1. Going highest first, how would you order 254-262, 47-55 by mean Cβ packing within 10 Å?
2. Taking the Cα centre of the range 275-346 as origin and charging only Cβ (+1 Lys, Arg; -1 Asp, Glu), how large is the dipole, in debye to the nearest 20?
3. If R0 is 60 Å, what FRET efficiency do you get for Asp139 and Cys368 from their C-beta distance, rounded to 0.05?
4. Summing Lys, Arg as +1 and Asp, Glu as -1, what charge do residues with Cβ under 13 Å from the Cβ of Thr63 carry, Thr63 excluded?
5. To the nearest 20 Debye, how big is the dipole of the range 159-314 about its Cα centre, given +1 on the beta carbon of each Lys and Arg and -1 on that of each Asp and Glu?
6. Quick check on packing: order 292-305, 99-112 by the mean number of other C-beta atoms within 10 Å, highest mean leading.
7. Tell me the per residue accessible area of the range 122-216 using a 1.4 Å probe; a whole number in Å² is fine.
8. How many percent of the accessible area of the range 1-132 is carbon or sulfur, using a 1.4 Å probe?
Amino acid sequence: MADSDTSYAVENEEQLWNELNKAVATECPAEAHEAIDDALRSWLYLASRCRDEFSQSEDDVATCSQSLLDGSLFQTNPDYVRTQIIYSLLQEDETGPLYVIASFLLLDGRADEATFKRMITEGCFHRLLELINGRKEHDPGLHRLLLELMYEMSRIEQLRIEDLLHVDDGFVTYLFQLIEGLSDDAHDPYHYPIIRVLLVLNEQYMVASTTAMNEPSSPTAPMTNRVVKCLSLYGPNYRTFGENIILLLNRETETSLQLLILKLLYLLFTTKATYEYFYTNDLRVLLDVIIRNLLDLPNELMALRHTYLRVLYPLLAHTQLNQPPHYKKDEVQKLLKLLAGSGNAHFAPVDETTLRLVDRVSKVKWLCEDGVGAGEVARKFLGISLSHTDVASNVSVVDVAAVMEKPGVQTPSRKAEAKAEAEAKAEPGAVAAVAEADVKSDSPRPSTGSETREVKEVKETSKPSRPKKPLPEVPKHRHGIPYVPAGHENGTRSSVKKPPPKAPPPRRKGRIKHTTTSETVKSISELVI
C-alpha cells in the first residue's frame, strides 16, 4: 500500500489522477526493484481509492490499469511488474486492491497470453477458486471480475491436474445456484460470466480425460467431470442453465465459445442421466439453431461443422425429439442431403468426415423410416463408396474435445458474405447508371421511351427527396379592385344566405287537394313554424 504522505495529500479527484499519472510515469532503471515497488504501491493505493471514493463506473478502474500498461513504469521492466502484481493477487485480501489487481491482469492477459500462462504456473487458479466461492455478497462487482479472469485464464492454457482437483462439488453447485437466482446486473440478466466458467471447466475436464487416455504415465483413476455430475444428479433443479446456454448459442458469433457450448451439449446428450435434462421446447429451439448454423457455415469451417453434426446425432436419437410428432423431420432430411452434396452447387466438394457424420445422423430411426442415408446419396450422386468402417462413425469424446479455436475469432457467415458481395457489385453499377443518365440528359441525341423511363427512375432513386414548396396565397384583389367572394352555384360556401326552397308542385290531380289561385303556397319554414 501507499505511504501515509500520499494518503493525506490526495483530497479530490483531479489531484488523484495527477498523482496516479506521476506514479505510472516513474522512470527508473530496470534493476531498481525498490523504486519500482514504491511506484507500484502508490499506483495500487490510488487506483483502489479511485474505485472506493471517486469512481463513477467500472471503466475508471480499467482506465487506471490501462494507464499502468502504457506508462514508462511498466515498459521499463514488464516481467517484474507482472510478477509483483501476480504475487499481490495471491496475498491480498482487501476487496479494493483485489479489484484493481484483477482488472490489470485481465487487460494485460488479453493483450499478451503469456500473462495467463504465468498465472497458471504460479497457482492463481486455486486462489481464484477461494476468492469466488461463496463470496458474491461481499462485492458483486469484484465477484464478476474474478469470474471473467478465471474464464479467460482457463481457456488459454490447459490447467494442471492439481488445479482441477481443487474444484469440488460444492463450488460447481454454488455456481449453478447463482444462475437460478435473479441477476443483480441489468446488463447481464443471464449470468453469462458464471455460465462461461462452467463451460470452460467442462472443456478442461474433457481435455484432462483425453490426455489421461493417451498418456500411459497419467493416473489410472479417471477424473470426475463435476459439471456433468451435478447436472446428472440435480438437473431438474438447474434448468435455467440449460435454457441460457441455448440462448447463448443462438446469439454467439465467437467460434471458441460455440465450441465450448457444443462440447457440453455432446456430453449431456450422450450421458443417459441427462438425456431429458432440457425442456422439449428448448430442444426444438436448439434444433432450429443447429439447422440454421449448419446451412450458414462457410465451406472452410469443417471442424465446426463436424462438431455440430456430432451433437446433432445424439440430440435426435436420445432426447425427447425422438418421440412423435417428430419436429422438423423434412427440414432435417433436406439438410442432410445438402450437406452430403445432393443437388447443391453452392457447397464445395464434401469431405469424407462430413459424409460419415451425415450418414450416421441419417440413420436415426425416426429419420430413416422413409428417407435415404447419406451413404446411398454419396454413391448415387458423387460416385463415392463408403466402406463399413467409414459409414460407422468413430465418434468419441476425443474427437469433440480436440476441436479448438483461438479466443476472439468470429465465425464467418455465408449469408453475410453473400449480402456483402451483392452490395459491392450493386454500388458500382448504380454509380455508372447515374453517370450514364447525366450524359444522356446533356447530349442532343434523342433517346427512346424506355431509356427515358430508366433515366428518370435512376435519377429519382439517386437524388434525395426535396421538400414540397408551399402553395401560393389566394389574391385579395383582382386588377386593383378588391376581390369579394361571391356565391357559386356548384355548392360552395357563400356569404349570401339562400332562401328555403318552395314546396314542389303536385304530381297528380287525383291524389292531392287542388289549391286556388288566390291561395299562396307557404314555404317550408312557415309550415314548420
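1. Answer by packing, highest mean first, reads 254-262, 47-55.
2. 160 debye
3. For Asp139 and Cys368, the calculated efficiency is 0.60.
4. -4
5. The calculated dipole for the range 159-314 is roughly 500 debye.
6. 99-112, 292-305
7. Per residue, the range 122-216 has 40 Å² of solvent-accessible surface.
8. Answer for the range 1-132: carbon and sulfur cover 42 percent of the accessible area.
The values are calculated or read from the model by the stated rules, or taken from the named source; none is laboratory data. Computed from a prediction, not measured in an experiment: that's the story for all the values here. Heads up, the Cβs are rebuilt from the backbone with ideal geometry, glycines too, and the neighbour counts pull from every protein chain shown. Surface accessibility is based on the protein's heavy atoms, side chains included, excluding ligands, DNA and RNA. Shrake-Rupley method; radii C 1.70, N 1.55, O 1.52, S 1.80 Å.
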